[in-house]
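Can you keep this structure in mind? I'll have questions shortly.
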Amino acid sequence: MKNLTIGYLFYGKIGDDENAFIEEAQKRGHHLIFFNIAESIDEKELRRRAGKCDIIYNNSAEEPAIELSKSLEELGKKVIDSSYTYYYIEDKWMFYLKCKKHKIPCPKTILLPTNIAQAKKEIKKFSSFPVVLKRVDGCCGEFVDRANNLSEAEQIIKKFWKKGGERLPIIAQEFIKSKSYRITVIDGEIVQTVIKNKTGWKSTAVYQKKAFLTFKVNKELKKSLKKMINAVSIKVFGADYMKKGRKWLALEINAQPDLGFFPEERGMLVEKIFDVLEKRVKYAKT
């Protein structure tokens, strides 16, 4: 493989992921061009940097990364993974519909009306309490809360609208008392499993202090995951599952999976991401 120039989207300061990408790029003789979405990049500079890139990898789940990804795609650049993932995969309602279409077991979910009175009626009909309320977008447990009654549900919806924008779409989802089980997939291969313990009632692992543990993917879960891989066009993702009794339910998918659950495995994951990038460039030129 000839030397490549790879664009890299990230947010904030150079951290462990960025250092791992720098090390792997040097090992393979590739050059990295950083796009820090925390900094201002004018159109002329964006075009200049993008023009040098053979391919671009997005390692940021921050909302500004969506616009930058779209801009780079409009400039004719291939972004792994594309802005499509934000609109149709990371959107929690779209993910639910995709699971239903492909017969992937998932928690019961409804899309709430943007009228508060009608939303309360739908929640009342939907499920027994507690019920989980989520904005269709958001990461790390943001815009996710649990209501124990209708009055709490109304307060949460109004809080979401006040904080994130009035009448933004919200889903209601059955509450399942379970840990979160993360499966990281790169190019269709299961490369890592992680049990995310609860922080309060959520299993986001953002503030988890205990050491992470792995788990084995059994036959039922492999079957579900195979359907998911076929249903989404994502090369690098983390799939979150929950357990309802003995049944595995797909909760959501993350196009920028955390690479740092096990620091000793970060290098291995980055190597596999570089394999994907090299393969995609080679494929585009054949």
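Rule-based calculations on the coordinates, nothing more; no lab input. All figures in this text were calculated on a predicted structure; none of them were measured in a lab. Every residue, glycine among them, receives a Cβ derived from its backbone with ideal geometry; neighbour counts consider all protein chains shown.
To the nearest µm²/s, what D does Stokes-Einstein give for the chain at 37 °C and 0.692 mPa s, using the Kirkwood radius over alpha carbon pairs as Rh?
Value of D from the Cα-based Kirkwood radius: 162 µm²/s.
Beyond a 32 Å Cα-Cα separation, which of these cross-linked pairs lie in this structure: Lys27/Lys222; Lys70/Lys279; Lys100/Lys272? It would help to have the intermediate numbers written out before the result.
Values: Lys27/Lys222 34 Å; Lys70/Lys279 22 Å; Lys100/Lys272 30 Å.
Pairs exceeding the cut-off: Lys27/Lys222.
Now for a separate question. To the nearest 10 degrees, how steeply does helix 219-231 sit against the main Cα axis of the chain, on a 0 to 90 scale?
Its long axis makes an angle of about 70 degrees.
For the chain, what does -39500 (n - 2.57) per DSSP helix run (n ≥ 4), summed and divided by total residues, give at 222 nm, in deg cm²/dmol to the nearest 500?
On the way: 9 runs with 107 residues, N = 286.
That comes out to -11500 deg cm²/dmol.
Among all the aspartates and glutamates, which ones have a C-alpha under 15 Å from Lys179's C-alpha, if same-chain residues fewer than 8 places away are not counted?
Asp240, Glu252
Mind listing which trypsin sites (Lys or Arg not before Pro) in the range 241-277 are in a DSSP loop and have 12 or fewer other Cβ atoms within 10 Å? Before the final figure, lay out the partial values.
Details: sites: Lys243, Lys244, Arg246, Lys247, Arg266, Lys272; in loops: Arg246.
Those that pass, being in a loop and sparsely packed, are Arg246.
Okay, moving on. Does anyone have the angle between helix 16-28 and the longest principal axis of the chain? Alpha-carbon axes, 0 to 90°, nearest 10?
The two axes meet at around 30 degrees.
Quick check on the range 5-80: of the DSSP beta bridges with both residues there, what percent are antiparallel, nearest 5%?
Details: 0 of 12 bridges.
Bridges in the range 5-80 that DSSP calls antiparallel: roughly 0 percent.
Separate question: Roughly how many Å is it from the Cα centre of the range 27-102 to that of the range 228-269, as a whole number?
Spelled out, the Cα-based centre of one part sits 19 Å from the other.
Just flag the trypsin sites (Lys or Arg not before Pro) in the range 48-117 sitting in loop per DSSP whose Cβ has no more than 14 other Cβ atoms within 10 Å. Present the calculation step by step, with values, prior to reporting the outcome.
Details: sites: Arg48, Arg49, Lys52, Lys70, Lys77, Lys78, Lys92, Lys98, Lys100, Lys101, Lys103, Lys108; in loops: Lys77, Lys78, Lys103, Lys108.
For trypsin sites (Lys or Arg not before Pro) across the range 48-117 that sit outside H, G, I, E and B with at most 14 neighbouring Cβ atoms in 10 Å, the list reads Lys103, Lys108.
Quick one: if the Förster radius is 45 Å, what FRET efficiency do Leu75 and Thr114 give, using the C-beta to C-beta distance and rounding to 0.05?
Details: r = 35 Å, r/R0 = 0.77.
Once rounded, the FRET efficiency stands at 0.80.
So what's the angle, to the nearest 10 degrees on a 0 to 90 scale, between helix 92-101 and the longest Cα principal axis of the chain?
Relative to the chain, helix 92-101 is tipped by roughly 90 degrees.
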